[in-house]
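One structure is given below, encoded as structure tokens.
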Amino acid sequence: MTKKHYVNNKELYEIMVSYINEVREAEETDSPKPPVPNYVGKCLLQISNRLATKPNFSGYTYKEEMISDGIENCLQYIDNFNPDKSKNPFAYFTQIIYFAFIRRIQKEKKQTYIKHKAFEKSVIFNEMVVSQGGEHHSDPIQDSSFAQEFRGEFIQSYEKGLKEKREKTKQAKQDRENNDEQ
């Protein structure tokens, strides 16, 4: 008994071949680009939704943004699918969606870091004003020790990742320069 897949790769491939041929023909004749077939759009949505349920993506609160980014990136790069090189549009689109998810997670982590860092700085500034005898019209921002600890760990972890990334980039640049000298 064969396993039923949620996207029929053979059918998707046939429709993609037809669509790519229409796009090439439109480019040659300077005609408007044809719309993406509904079946392809449906498949992109199914692939995005299914990938979002995988354990490495399932716990995020911004899952809808991830799915939207994945579909948007697929539509952006749909014309780059080359039926002469691959007969697997499912894998092509899954890769695009996967990396769109990764980029969204990185963007959201950066925004969270900025929020935490700004909050941390506002608390420090507020404490400095009060300690220097400045007037204080409202209570200092109350924050649980758990929230402070989480925020501190998150900031430290994010900054450590940035530092490691910079060092890796610097090392790769040095390696390229050493290879060029040889």
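The values are calculated or read from the model by the stated rules, or taken from the named source; none is laboratory data. Model, not experiment: these values are computed from the prediction. Cβ sites come from the backbone with ideal geometry, for glycine too, and all protein chains shown count toward neighbours.
Of the residues making up region 27-40, those that are part of a helix (DSSP H, G or I), at pLDDT 95 or above and either out of contact with any Phe, Trp or Tyr (no Cβ under 8 Å at 6 or more places or on another chain) or not hydrophobic (A, V, I, L, M, F, W, C) (or both) are Asn38, Tyr39. Is at least one residue of region 161-181 outside any helix (DSSP H, G or I) and either more than 26 Å from the chain's Cα centre (by Cα) or at pLDDT 75 or above (or both)? No - not one qualifying residue is present in region 161-181. Would a scan of region 89-96 turn up a residue that is part of a helix (DSSP H, G or I) and either closer than 30 Å to Gln148 by Cβ or of a type in the set (Asp, Glu) (or both)? Within region 89-96 (the criterion being part of a helix (DSSP H, G or I) and either closer than 30 Å to Gln148 by Cβ or of a type in the set (Asp, Glu) (or both)), the answer is no, since none of the residues qualifies. Residues of region 148-160 that are at pLDDT below 85 and among the basic types (Lys, Arg): Arg151 alone.
Contact annotation: residue pairs with Cβ atoms under 6 Å, 6 or more positions apart or on different chains, pairing a residue in region 63-79 that is farther than 13 Å from Val36 by Cβ and in the same structural domain as Ala91 (by TED's automatic domain parsing) with a partner that is surrounded by 20 or more Cβ atoms within 10 Å (Cβ to Cβ) and of a type in the set (A, V, I, L, M, F, W, C), are Met66/Phe101; Asp69/Ala100; Gly70/Ile97; Gly70/Ala100; Asn73/Ile96; Asn73/Ala100.
Conditions (1) of a type outside the set (S, T, N, Q); (2) touching a helix residue (DSSP H, G or I) at 6+ places or on another chain (Cβ under 7 Å), marked per residue:
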site: Gln76; (1), (2): no, no
site: Pro83; (1), (2): yes, yes
site: Pro89; (1), (2): yes, yes
site: Tyr92; (1), (2): yes, no
site: Ile97; (1), (2): yes, yes
site: Phe101; (1), (2): yes, yes
site: Gln106; (1), (2): no, no
site: Lys110; (1), (2): yes, no
site: Tyr113; (1), (2): yes, yes
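No other residue among Ala100, Ala26 is surrounded by 13 or more Cβ atoms within 10 Å (Cβ to Cβ), of a type in the set (A, V, I, L, M, F, W, C) and closer than 30 Å to Thr112 by Cα apart from Ala100.
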